[in-house]
Amino acid sequence: MQEAIISKAKQLLADGTVNRVIGWKKGEFAYDITPAIFESAEEIDADFVYDDFTSANVSKYLVKESKKEGKILAFLKPCDTYSLNQLTKEHRVNRENIYVVGIPSDGKLDAEKIKAKGITGITGVEKDGDTLKINTIYGEETMPVAEAMSNKCLSCKSRKHVTYDELIGEDGEVITSDRFDMVEKLENMTSQERYDFWRNELSKCIRCNACRNVCPACTCENCVFNNPDSGVENKAAADSFEENMFHIIRAFHVAGRCTDCGECSRVCPQNIPLHLLNRKFIKDINSLYGEYQAGADTTSKAPLNDYTQDDCEASIVHERGVE
Amino acid sequence: MQVNENKEFQPLIVAFCCNWCSYAGADLSGTNRLNYPTNVKIIRVPCSCRVNPMFILRAFQKGADGVILCGCHPGDCHYTSGNYFTRRRMTLLFSMLDFLGIERDRTRVEWVSAAEGAKFAATMNEFTEAVKKLGPNRRLEDLRCRKQ
Amino acid sequence: MLKISLENLGRLFDAVSEKQTLYIPTDREDGAAEYRKYENGMKLSRNLNTLRSAKDFFFPQTENLADFKMEGKKIEVIDIREESEDFVVFGVRACDARSFTILDKVFLSEPVDSYYKNRRDHGTIVTMACSKPAETCFCGTFGIDPTAPEGDAACWSDGESVFFKANNEKGQAFIDSVAYLLEDGDTTKLDEVNAKTKEILGKLPLANLSTEAFGGDTLMEHFRSEKWAELSESCLGCGTCTFVCPTCQCYDIKDFNTGHGIKRFRCWDSCMYSDFTKMAHGNIRNSQLERFRQRFMHKLVYFPSNNNGEFGCVGCGRCLSKCPISMNIVKVMKALEVK
């Protein structure tokens, strides 16, 4: 796959369709891949990579990049195309300045999951069928590929590219996933259990803002949490209330716009399952206001910018679920 | 006797009332000399739709034990459709608070028209009682703001 | 050398925690290690290092500095400082142990930070030598030997026993307080373990990383480098690197209105944030390039320039594994050292 992508990139650069390419750059180890912009065939040959660890969603960079001179080539995985579509819908990107090549993804790996197995000193990672071969300075280790799979890929919702100018490989379909299972499990807990669960998770938060800054739906020029005049600006949670507030507002602000790309949880240094907050909103929207997938199109009205006269009342929250 | 009465938990209730219906409804309940608890502090907003989820959270942070949002009845919004948006927004917010384990009876949305002074007083009485039963807000409080 | 067998280590923890608060690295449900207050039965983590660094004990993410009460035009300032209780931090790695030397240079030079000093005076650091370094480790670059960690007292494990040695009086006092649990032990096996670790250290992927191209006298050359644009282009501007870093020491001071008084608190700040140094007459770094450059220039150039050549990094590798886009000090050093 990497060869096909590289030759496509070089071809589009050579024929002048685009003047730069956004993709992923090799790191020091097998897994530390950085999103990067390439301007020449030489740069691409030297560092471009597309492998099991290129999970970063590059859509958000296009907000800035699409405003620059000339067209940029972006290689987008199915989930990334939803993010780009949503940004297009919100007029945050200049779609005309982006040439999208859809690329397939059969799920990305998470180095943290390999390390959590106690495997350290990783120098190389290779897929061999369902087994993952990991070379380390302490010798070779193996583990099932499925156990190293990134959480966001384990609950993949779609293999379909919703926007592209060209495709490499076949397009996939929207698939059924079990992505709401954990939300449902929590809903069925008692309120005390839910409280304890979230207190345990959110108290780990170090307020690094990685979840916010990586989110393709969070594109405010100045966040309310950075604005000293907002009255809620804070750089660190001085009280558990501030932990709750930040995460409620972060998730609320992208409610109805979150495409469920899973980047927030992927980047969280404390492994907080932040995507569950977003999925709770998605699940509520689906069940109360009709099925809605943010980013699936560029014309539909967002659920929170819309209403019907016979919407349910807020008291529905009291009537369902577990107290 | 007086001492015992003071010891009973008195919740602080914040009520966001829209200017055109609910605030007038509160006025009417006053001119009609209907009783509602003094625990209720009213904040007037131009439309229920003005209420950002942050307002609700901040009220809890600053010491509220319950927050109620009152607006015009659906279809009667002074700005045509503001309260329809409020309804979706608050449904999702309250559902999220419930998801985080915050007691669901601490929040409520109620539609009160300018003519419903009696409904306003009854709603406030009922809501205050419900919050009183829950006791002080501990799950969504800012410890720094707690009065010693 | 004095030692205790691994299975009796819990007894040592129990004994220490009876007299003072003890913190040890322990595994969370998700497998990551973090320091927790020791309670009977708690297991020492088998991870190489904790997710958050040990600087939290002396320089916590948020701390209350003072309270104010106002009545009319009268302002009362309440000093909330209290003498810290004695505590022991066990199992600190060599890299984190060195970070205290770096933090001391910042907080203990005039004017002394009394909040930091208070905790520093009352804390005893017991370090633990490494035997299984990870690919992200590069403490050797900064002259740190993970088989001979600093700290008040140090300990080593040979897989069967834990050996103790004091590095100063405070460490000696710690060892004396548990001496009745320790016995004299033979270090033959331990010497083998250390020799093997040293061999692995030489084979680490970052073993050859050098600081030669950095230091105070390279300031303008690096500041003007054209490589910053490319290095910083994908930086998200989050604070992960600064908050997991054991040596990052920038903070902000803020007032919080509680409704019945004011709480003045300080919290970690990050040079990656757009409002960093805004308090200084609104004089901020406007682009992510400048903010990104500041972080690495501080660690590799400004800090050694002000501190006799000591670098502001200890090579713990936390930013290498935690950066959301995997851009880190190693990649910056490797890019900048190429002329």
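Readers should treat all values here as calculations from the given coordinates under stated rules, not as data from a laboratory. Fair warning: this is a prediction, and the values are worked out from it, not measured in the lab. As a convention, Cβ positions derive from the backbone with ideal geometry for all residues, glycine included, and neighbour counts pool all protein chains shown.
Among residues of region C:263-274 being assigned to a loop (DSSP other than H, G, I, E, B) and touching a helix residue (DSSP H, G or I) at 6+ places or on another chain (Cβ under 7 Å), the one that is farthest from the other protein chains (Cβ to nearest Cβ) is C:CYS271. For region A:211-226, the criterion of a residue being more than 25 Å from the chain's Cα centre (by Cα), more than 7 Å from every other protein chain (Cβ to nearest Cβ), surrounded by 15 or more Cβ atoms within 10 Å (Cβ to Cβ) and not small (Gly, Ala, Ser) is satisfied by no position. Scoring B:ARG33 on the criteria (1) within 30 Å of A:GLU233 (Cα to Cα); (2) of a type in the set (Lys, Arg); (3) part of a loop (DSSP other than H, G, I, E, B) leaves a single failure, condition (1). Candidates C:LYS254, C:LYS331: the one that is within 14 Å of chain A (Cβ to nearest Cβ), surrounded by fewer than 22 Cβ atoms within 10 Å (Cβ to Cβ) and not in a helix (DSSP H, G or I) is C:LYS254.
Report whether or not C:ARG295 is farther than 25 Å from C:ASN49 by Cα, of a type in the set (D, E, K, R) and surrounded by 15 or more Cβ atoms within 10 Å (Cβ to Cβ). Criteria not met by C:ARG295. Residues in region A:54-87 that are closer than 26 Å to A:LYS127 by Cα, in contact with a helix residue (DSSP H, G or I) (Cβ under 7 Å, 6 or more places away or on another chain) and assigned to a loop (DSSP other than H, G, I, E, B): A:SER55, A:ASN57, A:VAL58. Restricting attention to region A:1-56, the residues that are within 20 Å of A:LEU84 (Cα to Cα), at the interface with another protein chain (Cβ under 9 Å from one of its Cβ atoms) and more than 18 Å from the chain's Cα centre (by Cα) add up to 1. Kindly indicate whether A:MET143 is within 25 Å of C:ASP27 (Cα to Cα) and away from chain C (no Cβ under 14 Å). Here the answer is no, as A:MET143 does not meet what is asked.
The set of residues in region B:91-119 that are part of a helix (DSSP H, G or I) and more than 8 Å from chain A (Cβ to nearest Cβ) comprises B:ARG106, B:GLY117, B:ALA118, B:LYS119. Condition check: more than 25 Å from C:THR50 (Cα to Cα) and touching a residue at least 60 places away in the same chain (Cβ under 8 Å). Does C:MET297 satisfy that? Yes, satisfied.
Are any of the residues in region C:96-117 assigned to a helix (DSSP H, G or I), touching a Cys at 6+ places or on another chain (Cβ under 6 Å) and closer than 22 Å to C:ALA134 by Cα?
There is no residue in region C:96-117 that is assigned to a helix (DSSP H, G or I), touching a Cys at 6+ places or on another chain (Cβ under 6 Å) and closer than 22 Å to C:ALA134 by Cα.
Note on region C:287-328: among residues that are at positive phi and touching a Ser or Thr at 6+ places or on another chain (Cβ under 7 Å), the one that is nearest to the other protein chains (Cβ to nearest Cβ) is C:SER326.
Restricting attention to region B:48-90 and to residues that are at the interface with chain A (Cβ under 10 Å from one of its Cβ atoms) and among the hydrophobic types (A, V, I, L, M, F, W, C), the residue that is surrounded by the most Cβ atoms within 10 Å (Cβ to Cβ) turns out to be B:LEU69. If you go through region B:123-144 and keep only what is within 13 Å of the chain's Cα centre (by Cα) and either surrounded by fewer than 20 Cβ atoms within 10 Å (Cβ to Cβ) or more than 30 Å from A:PHE197 (Cα to Cα) (or both), you end up with B:THR123, B:MET124, B:ASN125, B:GLU126, B:GLU129, B:ALA130. Looking at region C:274-284, can you tell me whether even one residue there is crowded, with 22+ Cβ neighbours inside 10 Å and either of a type in the set (D, E, K, R) or touching a residue at least 40 places away in the same chain (Cβ under 8 Å) (or both)? Checked against the condition, which is being crowded, with 22+ Cβ neighbours inside 10 Å and either of a type in the set (D, E, K, R) or touching a residue at least 40 places away in the same chain (Cβ under 8 Å) (or both), region C:274-284 yields no hits at all.
When B:GLU126 is tested against (1) more than 12 Å from chain A (Cβ to nearest Cβ); (2) within 25 Å of A:ARG250 (Cβ to Cβ); (3) of a type in the set (Asp, Glu), exactly one condition is not met: (2).
The set of residues in region C:123-165 that are under 23 Å from C:GLY317 (Cα atoms) and among the basic types (Lys, Arg) contains only C:LYS132. Taking region C:43-64 as the range and being surrounded by fewer than 17 Cβ atoms within 10 Å (Cβ to Cβ) and either over 24 Å from A:ASN234 (Cβ atoms) or away from chain A (no Cβ under 14 Å) (or both) as the test, the residues that pass are C:LYS43, C:ARG46.
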